[in-house]
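The values are calculated or read from the model by the stated rules, or taken from the named source; none is laboratory data. Just so it is clear, the structure is predicted and the values come from calculations on it, not from any experiment.
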Amino acid sequence: MHHWGFFPPIGFIFFLLLITLFFANIRMWRGRRGCHYRTLNHEPMLILDKRLASGEIDVEEYHKLKEILNKK
């Protein structure tokens, strides 16, 4: 007698769940990495804005440095 009648569908569903979680994990990892790199690219501009706001640099120097950062 076989009492395994309900296990194969559960096993298949579990397998699909594992595959889905695997690809979701990869997608989240890639998304975080991309977001992190974008944040790093904007960080110099934020620092420059803060320096202008605090009065460390004047408007002319701000525009010069902004052009330099935009060329990179």
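Selection within segment 1-19: residues that are of a type in the set (A, V, I, L, M, F, W, C) and outside any helix (DSSP H, G or I). The member of this set that is modelled with the highest pLDDT is 6. Residues in segment 23-41 include at least one that is modelled with pLDDT of 90 or more and aliphatic (A, V, I, L, M).
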